[in-house]
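Enquirer: My questions will all concern the structure given below.
The values are calculated or read from the model by the stated rules, or taken from the named source; none is laboratory data. Keep in mind it's a predicted model, so treat the numbers as computed, not measured. Positions of Cβ are backbone-derived with ideal geometry, glycine not excepted, and every protein chain shown enters the neighbour counts.
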Ligand code: ACM
């Protein structure tokens, strides 16, 4: 954080802002760039200038957490506006009055009151909330409201009454497959707070690494982490950082499967004979905790007790996913145990395991949350089921009385578009749940699995797409216009970078590193219309090429953001143009400029790429870009003139586009489908 230049005055005040820029010209009109959209927004008339003397003051309750949140917001406003918001001069009245009833829950829970109201008039702004958390959401909205004219910064006169549609709005980060430093976690929490997300689900253990220090069982990290783990002190720091931003931290200790890293140091926990080594590949592996031995539960009792001291949240995530049952099937002692207890199959034994685990969690004051697979008969209904396999399993759980959250459709590692995620609803229209059943669906979580992310590129995989998911989980269901979502998303993207995230800047930094020069213009033109292939395509390739978690993520694909602006932007441009090519001169000019940029600089592009071993494999993309530019210019020519293309033109161009659709260097073009639409429109 930049040094704080804001001094808060917290004496009770009321009233009017004295602005040094009262004469400044106000913006033309309010442009709504709020994300997530508030539940209720009324636009009034006039503007509140943010000028010298603007300050915030609480007039009811305040505590350290609220004071810090206000200070951060004022610092952010200062950065946004360049107006140094100083200590409020005596006798002046604050521009922003903050009325908060109380702190909220000592440990934030799913019932926390997160609502707030924000009223801005030309005379001043008034934020009201029942809790610190609601006030923080209101401050986040305030930061997003700022607009500028050429002469200053202003808040529009608005009246907002806001509260979330879902109480659980989370982001999971897998820090096992690739470790993420604390700095990444903290800047991610800043981003989450900006879009009003309230659960950080921390996937701390998996086959590829055990990432949290245990003082009782030190070999978990000594043998299972390659030295890359969070100390208990660091984990506490993250919990405090999150709480300061209205975010709960739900830790996940994945068991009984996905547990290789546990058994490297403690092979007696395993269901097969050791020794074991940390898993370097990706997928589903055999190591699984032994659910038949009392010693397993004695271990887990101590471990969970230790973790409960670090993570105050009511919930602890036990994973439970993707146990292939192989080790259980091959162990005669475990097979005998299953026969003795009448347990038929892997799921039954895993249900047994969960039933032993549950009282251990309860003893340490925790409720259970796990992936779909934990939903087995006999579990109490207050477990939360996190559905990664689809809405159907979530609905099935809700019908049986389980609370649940949706993650299917919110997998960021799949490289889907923000629009794809945005259309996924935890309570889709037309579902057949009763109101009581629907109420059991608490919300959802975006999931950032760690196979192909590291500290450099994780921001671009999480942001800005997660802001679209955050809106789906916060805003009314009726807020569903994809074009408008993207319009606001690109503004939010800039605001997120201003918080210290790197999702925009990292692309060019990576391209410079790949090309070995600052002169990357020709490469940028190509990179702007490429995106990473989807998870399955990359997974197949990785399996075939023996990719491991130790290999660097420093190829072109790793530099490219998923769903770059070119995807939706180009699609919108082409479809608007094709509505009536003869009467869309603006779109025609824009497309012509784009196609010309693609056809220019091919020799420079080829030279840059062929001299870099890590770019050379993508070389065919340079030629394809030129070809697409040329076909675009020709296509526009035919469409504008009404002259038909020569015989065979269309077929030849579609063939080029088919070739362009093939993955090369794990990249895809973002523009191939609209190009196809354009070519198909030519007579
Ligand atoms: C999961 O994706 N295995 C939860």
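Enquirer: Among what's in region 440-462 and is in contact with a strand residue (DSSP E or B) (Cβ under 9 Å, 6 or more places away or on another chain) and in a loop (DSSP other than H, G, I, E, B), pick the residue that is farthest from the ligand (Cβ to nearest atom).
Expert: 440
Enquirer: Something else now. Could you please let me know if residue 198 is touching a strand residue (DSSP E or B) at 6+ places or on another chain (Cβ under 8 Å) and surrounded by fewer than 24 Cβ atoms within 10 Å (Cβ to Cβ)?
Expert: Spelling it out, it is not the case that residue 198 is touching a strand residue (DSSP E or B) at 6+ places or on another chain (Cβ under 8 Å) and surrounded by fewer than 24 Cβ atoms within 10 Å (Cβ to Cβ).
Enquirer: Looking only at residues that are on the phi > 0 side of the Ramachandran plot and either within 16 Å of the ligand (Cβ to nearest atom) or surrounded by 16 or more Cβ atoms within 10 Å (Cβ to Cβ) (or both) in region 364-418, which one is modelled with the lowest pLDDT?
Expert: Selected residue: 390.
Enquirer: Based on this model, can you work out whether residue 356 counts as closer than 21 Å to residue 287 by Cβ and in contact (Cβ under 8 Å) with a residue 24 or more places away in the chain?
Expert: Against the criterion (closer than 21 Å to residue 287 by Cβ and in contact (Cβ under 8 Å) with a residue 24 or more places away in the chain), residue 356 qualifies.
Enquirer: Then there's this: Of the numbered conditions (1) closer than 30 Å to residue 385 by Cβ; (2) part of a helix (DSSP H, G or I), residue 177 fails exactly one; give the number of that condition.
Expert: (2)
Enquirer: Now, a different point. Name every residue in region 406-426 that is more than 16 Å from residue 170 (Cβ to Cβ) and either touching a helix residue (DSSP H, G or I) at 6+ places or on another chain (Cβ under 7 Å) or in contact (Cβ under 8 Å) with a residue 40 or more places away in the chain (or both), in order of residue number.
Expert: Once the filter is applied, which keeps residues that are more than 16 Å from residue 170 (Cβ to Cβ) and either touching a helix residue (DSSP H, G or I) at 6+ places or on another chain (Cβ under 7 Å) or in contact (Cβ under 8 Å) with a residue 40 or more places away in the chain (or both), region 406-426 yields 414, 415, 416, 417, 418, 419, 422, 423.
Enquirer: Sticking with this one: Would you say residue 495 is buried (at least 22 other Cβ atoms within 10 Å of the Cβ), farther than 30 Å from residue 438 by Cβ and touching a residue at least 24 places away in the same chain (Cβ under 8 Å)?
Expert: Judged against the criteria, residue 495 is a match.
Enquirer: Please tell me if residue 398 is touching a helix residue (DSSP H, G or I) at 6+ places or on another chain (Cβ under 6 Å) and assigned to a helix (DSSP H, G or I).
Expert: yes
Enquirer: I would also like to ask the following. Looking only at region 318-363, count every residue that is within 25 Å of residue 303 (Cα to Cα) and either within 16 Å of the ligand (Cβ to nearest atom) or in contact with a helix residue (DSSP H, G or I) (Cβ under 7 Å, 6 or more places away or on another chain) (or both) and tell me the total.
Expert: Selection size over region 318-363: 19.
Enquirer: What's the total number of residues in region 370-388 that are assigned to a strand (DSSP E or B) and closer than 16 Å to residue 256 by Cβ?
Expert: So the answer is 2.
Enquirer: Of the residues 282, 276, 303, 299, which single one is more than 16 Å from the ligand (Cβ to nearest atom) and not in a helix (DSSP H, G or I)?
Expert: 276
Enquirer: Do you know which residues across region 510-546 are within 25 Å of the chain's Cα centre (by Cα) and in a loop (DSSP other than H, G, I, E, B)?
Expert: Within region 510-546, 528, 529, 533, 534 qualify.
Enquirer: It is to be established whether one or more residues within region 419-426 are away from the ligand (no atom under 16 Å from the Cβ) and touching a strand residue (DSSP E or B) at 6+ places or on another chain (Cβ under 6 Å).
Expert: Within region 419-426, one or more residues are away from the ligand (no atom under 16 Å from the Cβ) and touching a strand residue (DSSP E or B) at 6+ places or on another chain (Cβ under 6 Å).
Enquirer: While we're here: Take residue 106 and decide whether it is touching a helix residue (DSSP H, G or I) at 6+ places or on another chain (Cβ under 8 Å) and either at pLDDT 95 or above or closer than 16 Å to residue 243 by Cβ (or both).
Expert: no
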